[in-house]
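Single-structure report; data block below.
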Amino acid sequence: MNASRSHSDRLALSGRAGQGVVGYRSEFLHLWVLAADDAPGLDPQPILEALKDLEHAALSLPGGVISPPASGLPLEVQHALAGLQFLRDQLWEPPSEFAGLLSLGGRVWAIHSGIEVTLEQMTGAPARWRWHEWEGGSPLAWSELGAGEVWRLDVANPAGVLHAHYRPSLAALPPATEADAFAAAARAQAESAPARDEGGSASRQARRRRRKREAAAPALRVVPPAPVPAPVHAPVPRVASVARVERSPRVAPAPRPAPLLRAAPKPWAKLRLPAAPRALLVGAGLGLLAAILGVAGFFARKPLTALVVGHYTLEMTTSPAGARVRVDGQPQPGRTPLALALAPGEHRVDVGYGEYASAGFTVDGVRGSVVRRDFAWSGSLGIASSDSTVRLAVMLDGVALGHTPLWRDAVPVGRHRLGFTAPGVRAWEEEVQVRAGQSARVSADPVKVPNYGLVTARAQLVSSDGVQDMDGVPVFVDGQHAGATPLDLKLSPGPHSVRIARAAGAPSIHLIDVQPGGRFFASAEFGRPADPMVAFDPPARVSRSAPPRLAIRLAADLPLPVRQASVFLRTDGGAFVRLPVAWTAGSGSGQGVFDFPVDRLGAAKSVTYYVELETREGEEYFSELHTIPVQP
C-alpha cells in the first residue's frame, strides 16, 4: 500500500515482500507483518484491511479507553500498540510477528513483537534508545527515537533482510543573496550583551577624545609648591593640595617665571582615610568587579576572555544539512546550518556528515568580522536493469529520475530510496548510499508478474465431527457458472465477485479486487449460520427511456442497521464509479432505492454494477457483479 504523500521523504520501507510477508505504509504506521514462510493460504488483504481499520480507530478513539504503560506516550500511540497486540493475539492466523515504525506529531517510535530487530543510528551521532515492554498479552516492545537523527530498523527474515527507515527532511542550500539562519543567529548573539558593547564603545570614544585634547593643549609640568611663611604665634595650617606648575621649555623656549596655579579642591579630597581601611576598600571593590564579571560570563555561557577580547562569527552551511562540527577538536552543539562565535585568531574546524562526507579547514578572523564557509557534498549514481528486455522507470526519493539505464551526477550524499516500476513487473523499492566523490552503482533485478491474478475457490462443511472439505459445490464468477470446488481461477485485474452456492443453505459471496500476479482465496463454510445477503431483483436490461429501479435490502436473521449504501457502476469495461443509494431506515435494517442514471450511460452498450452495504458496526456486505445490456 504505497501512497504518494509529503511524509514519504521521512519514512520508508525497503526489502522484498513475498509469501508470508506483508508491508503496510501510511502517514501514521510503517509496518512489516511476517508469518511462517510455509504458511498455506496466507491472504494479505485481511491483514492490510485490519491495519487500516486499526489506524482509523487509534486516531479517533476518545481518551481513557486504555491505560498507558508508561508516561510520555501519546494516546494515539497507546491505542495503536494495544490494537496491534490484539490483532496478533486474537485475529491473525497463523500467528504473525511484526516490526516497524510509528510517527505522530514530529515524533517517531520503533516497535517489534515476536521477532528480533536491530536499530542503527546512521548519522554518526551517539545512538541512544531503550526498549520498553508493553504490559499484558504477547511480548511487544517500543522505543522512542531521536526525531533529528537518521535511523534504520532491520528485520531478520529468511527471504532477505527487511528495513524500516526514518530521517529528517533534507534542506536545500539557501541562496547567497537572501538572509539565512546564520545572519539571524549572528544578530541574536550581537544583541545578547548590548550593555557591554555600548559601554566598551563609549569608553573607547572617551579615550580618543581625551587623547586629542591632550595633544592640542600645552604640556604642563608640576613644580613642588613654595613654602609659605607663617607667624610664630599662629599654628601652621595644613594645605590639602597646592601645586605650582610652569610651562615646559618645549612649549615656551624663553625662560620666564611660571604663574602659580592652585588646583581646585575636589569634593572627595576632604575625605581622607587611613591607609589600612583604604586598602581594604580597594580590595573589596576589585573583588566585587571580579564577581560581576564572573556572573556575566556564566550567564552569557562564554569564556571570560570573550568579554575582553570579543569574538568573530563563523557561518557554515552544508548540503545536505545536518552535519556535525568540531572546533579545535571540541564538538559544537547543533548541526549545520550553524553560526559559531570564535575568539579572534586561528582555529581548526572539522565538519562531518556521518560516514558519507567530511571536510577540514583552518579559519582566521578578527574581532567583529564574519567568515563564511559553504560545502555541497555529492556523488554519482548509476542504475541499470539486469533484464535488458525490461525498461524500468526509476524514482529517487519520490521524484522521477528517468528510465534505465541511467547515470546521474551531483546526487546529494546520504541514504536515498529508489523506486522501480514497469508494465508487467512487480513494483518495488531499494535503498542506496551515496558518498562524497564516489559513484554508487545499482543493478535492478525486475520480477515479472502475469497480467492476471489467481483465485482459489474452496468449500468446507462444519459439523460436530469437525471440518471437512466439500467437493463439487458450484462456483459462479461475476454471475456466470465457472466450475465446482476446489477450483483455481485466472481472473483479470479489477473487482470480481465469487459466489459459492450449495443446494441447501445461503450461498457465500466474496468480492475480490484482483491484482496482477496476486494470489487470492474465496472460502465458503456451510453448516453454521449464513452471512447476511444483499437482496434485490436484478433487471435483465437497462432502458434509456425507462431506467429500472433497484429496491435494496439486507436479508439477515437479526436486523442490522445500515449506515451507508452504495452502487458501483461502470460502462463498457471502464472504471467503477461509486454512486449513493437513498436509504430509508425502518423496521429491521431499512430499505434503499436506486434509479439507474441515464446521464452517466452515454453511448455505452453494456453496464456492470454491484451493491455494497455497510452496517453501523462497520461490517461490509456485497452483491454479485451483474453485467446487463443498455437499450434505447
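The values are calculated or read from the model by the stated rules, or taken from the named source; none is laboratory data. Since the model is a prediction, treat every value here as computed from it, not as a measurement. Cβ sites come from the backbone with ideal geometry, for glycine too, and all protein chains shown count toward neighbours. What goes into the accessible areas is simple: the full protein's heavy atoms, side chains included, and nothing from ligands, DNA or RNA. Shrake-Rupley method; radii C 1.70, N 1.55, O 1.52, S 1.80 Å.
Listed values, structure above:
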| read-out | value |
| --- | --- |
| Odd one out for ARG372 among (1) touching a residue at least 60 places away in the same chain (Cβ under 8 Å); (2) more than 17 Å from ALA12 (Cβ to Cβ); (3) open to solvent by less than 40 Å² (accessible area, probe 1.4 Å) | (3) |
| Residue ID - nearest to GLU619 (Cα to Cα), chosen from residues in segment 501-533 that are among the basic types (Lys, Arg) and not in a strand (DSSP E or B) | ARG528 |
| Residue tally, condition open to solvent by less than 50 Å² (accessible area, probe 1.4 Å) and either free of Cβ contacts under 8 Å to residues at least 12 places away in the same chain or not acidic (Asp, Glu) (or both), over segment 475-495 | 13 |
| Candidate set from segment 105-121 (those that are surrounded by fewer than 18 Cβ atoms within 10 Å (Cβ to Cβ) and not in a loop (DSSP other than H, G, I, E, B)); member that is farthest from the chain's Cα centre (by Cα) | THR118 |
| Filter pass, ARG519 being free of Cβ contacts under 8 Å to residues at least 60 places away in the same chain and either closer than 29 Å to VAL462 by Cβ or not hydroxyl-bearing (Ser, Thr, Tyr) (or both) | no |
| Subset of segment 607-632 that is open to solvent by 60 Å² or more (accessible area, probe 1.4 Å) and acidic (Asp, Glu) - its residue that is nearest to LEU491 (Cα to Cα) | GLU620 |
| Leading residue by the ranking (modelled with the lowest pLDDT) among those in segment 505-537 that are under 12 Å from MET470 (Cβ atoms) and open to solvent by 30 Å² or more (accessible area, probe 1.4 Å) | GLY505 |
| Looking only at segment 334-357, and only at residues there that are farther than 30 Å from PHE420 by Cα, in contact (Cβ under 8 Å) with a residue 40 or more places away in the chain and of a type in the set (Gly, Ala, Ser), the one that is surrounded by the most Cβ atoms within 10 Å (Cβ to Cβ) | ALA339 |
| Boolean, SER388 is over 27 Å from LEU11 (Cβ atoms) and without any contact (Cβ under 8 Å) to a residue 12 or more places away in the chain | yes |
| Residue pairs meeting the criteria (Cβ under 6 Å; at least 6 apart or on separate chains; first over 15 Å from SER439 (Cα atoms), in segment 402-426; second of a type in the set (S, T, N, Q)) | THR404/SER385 |
| Some residue of segment 393-400 being charged (D, E, K, R) and free of Cβ contacts under 8 Å to residues at least 60 places away in the same chain | no |
| Which listed residue is open to solvent by less than 40 Å² (accessible area, probe 1.4 Å), within 21 Å of ALA384 (Cβ to Cβ), β-branched (Val, Ile, Thr) and part of a strand (DSSP E or B), from VAL442, VAL498 | VAL442 |
| Only listed residue being open to solvent by 60 Å² or more (accessible area, probe 1.4 Å), at pLDDT 90 or above and farther than 28 Å from ARG458 by Cα, chosen from ALA582, ALA565, ALA603 | ALA582 |
